[in-house]
Amino acid sequence: MLSGIDPRSLAGAYFAITAYTIWGLAPLYFRAVSAVSSFEIIAHRVVWSVVLLFAVLAVTRQLGSLRVSTKQLLILFVTAALLSINWLVFVSAVTQGQVIATSLGYFINPLVSVFLGLIFLRERLRPLQWLALGIAFSGVSVQVISLGELPLISLTLAFSFGFYGLIRKQVNLPSIAGLTLETLIALPFALGYLAYLNESAALAFGQSSWSLDALLIAGGAITSVPLMCFAAAVTRLPLAIAGLFQYLAPSLSLILAIFVFGEPFSQVQLISFGCVWLSLGVFTAESLYTFRKTQRRLVKATGGTA
């Protein structure tokens, strides 16, 4: 059945599914280490990611990709801070039983990225993209009006990752090399915090069970493996197609939140999510239509050889 599919695109799809499945099921991992403080979890995530990423770069002989200019390094300091904020909010939310809020944050993230592109890159939006943004704004407004408060966890996750992507584009680096440098920037802070915990006799690592220690070490793989799969996917798939897979992760997280963790899903949340889903449907359909239209024009312009 798959014989007619380009093997490269098929491999890209498998890589994308793997990446977003790991991200979507990540709450299971962070619930498993919830006995450890969020700050210590993040510190271990940084330390073991550095170890794994350096090993990957060494084996693939890509250590040279870590050479950057002073300007690139300064930008990476900013992206490292944004990534750390995103990780900390996500881990804290998951361990405190707020997985639904994280799911909403990553559902609206693509729309936030479009909004940031409009504001900072002066990108022009097509009418249906404006409609999609308006529907998503209505979905967030439902929670503000009904609950009397902003969905801070969702918005922080969406905007921190949105700004991360916006600024990260300014550094022309492979994604794995970029993450390696970002975690290297955070490494002194992570090691310093772990040393502080050790001096305060508050360090969980090495003090409880070998299984917990193994899980904390596995944080490096939980962080790095999906990113490497994602990097492999986007080099094999058109961005318009690769973007479709990003909804898999928050969908899996939402299913976990409701059916595994038993988080309440109120009518207000249903309406809010419904608006966001409708918005994403409009946005995705419009993006696919535009992509196909562009492809047809390209084929026509090249005499059918594209």
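The values are calculated or read from the model by the stated rules, or taken from the named source; none is laboratory data. Remember, predicted model here, so these are calculated numbers, not experimental data. Here Cβ is always computed from backbone atoms with ideal geometry, including for glycine, and neighbour counts include all displayed protein chains.
Kindly evaluate VAL78 against the criterion of being at pLDDT 95 or above and crowded, with 20+ Cβ neighbours inside 10 Å. For VAL78, the condition - at pLDDT 95 or above and crowded, with 20+ Cβ neighbours inside 10 Å - is not met. Of the residues in the stretch 240-250, at least one is under 19 Å from GLN143 (Cβ atoms), touching a residue at least 12 places away in the same chain (Cβ under 8 Å), under 17 Å from the mean Cα position of the chain (by Cα) and surrounded by 14 or more Cβ atoms within 10 Å (Cβ to Cβ). Restricting the first member to the stretch 57-82 and to residues that are without any contact (Cβ under 8 Å) to a residue 60 or more places away in the chain, and the second to residues that are buried (at least 17 other Cβ atoms within 10 Å of the Cβ) and in a helix (DSSP H, G or I), the beta-carbon pairs closer than 7 Å and six or more apart or on different chains are LEU63/LEU57.
Restricted to the stretch 204-221, and to residues that are assigned to a helix (DSSP H, G or I) and in contact with a Leu (Cβ under 9 Å, 6 or more places away or on another chain), which residue is nearest to VAL50 (Cα to Cα)?
As a first pass, look at the stretch 204-221 and keep what is assigned to a helix (DSSP H, G or I): 210-221.
Okay, now just the ones that are also in contact with a Leu (Cβ under 9 Å, 6 or more places away or on another chain), so 220-221.
Numbers: GLY220: 8, ALA221: 10 Å.
Selected residue: GLY220.
Scanning the stretch 211-230 for residues that are within 17 Å of the chain's Cα centre (by Cα) and crowded, with 18+ Cβ neighbours inside 10 Å yields GLY219, GLY220, ILE222, THR223, SER224, PRO226, LEU227, MET228, CYS229, PHE230. Considering (1) crowded, with 20+ Cβ neighbours inside 10 Å; (2) closer than 24 Å to ASN198 by Cα; (3) out of contact with any Phe, Trp or Tyr (no Cβ under 9 Å at 6 or more places or on another chain), say which one SER37 fails and leave the rest. Condition not satisfied by SER37: (1). Within the stretch 89-105, the set of residues being of a type outside the set (S, T, N, Q) and under 13 Å from VAL260 (Cβ atoms) comprises VAL94, GLY97, VAL99, ILE100. Just one of (1) assigned to a helix (DSSP H, G or I); (2) at pLDDT below 95; (3) touching a helix residue (DSSP H, G or I) at 6+ places or on another chain (Cβ under 9 Å) fails for LEU28. It is (2).
Within the stretch 140-161, restricting attention to residues that are in a helix (DSSP H, G or I) and either on the phi > 0 side of the Ramachandran plot or modelled with pLDDT under 90 (or both), the residue that is surrounded by the most Cβ atoms within 10 Å (Cβ to Cβ) is GLN143.
Taking the options LEU88, LEU131, LEU83, name whichever one is assigned to a helix (DSSP H, G or I), within 15 Å of the chain's Cα centre (by Cα) and surrounded by fewer than 20 Cβ atoms within 10 Å (Cβ to Cβ).
LEU88
Evaluate the following for VAL234: is it modelled with pLDDT of 95 or more and β-branched (Val, Ile, Thr)? No.
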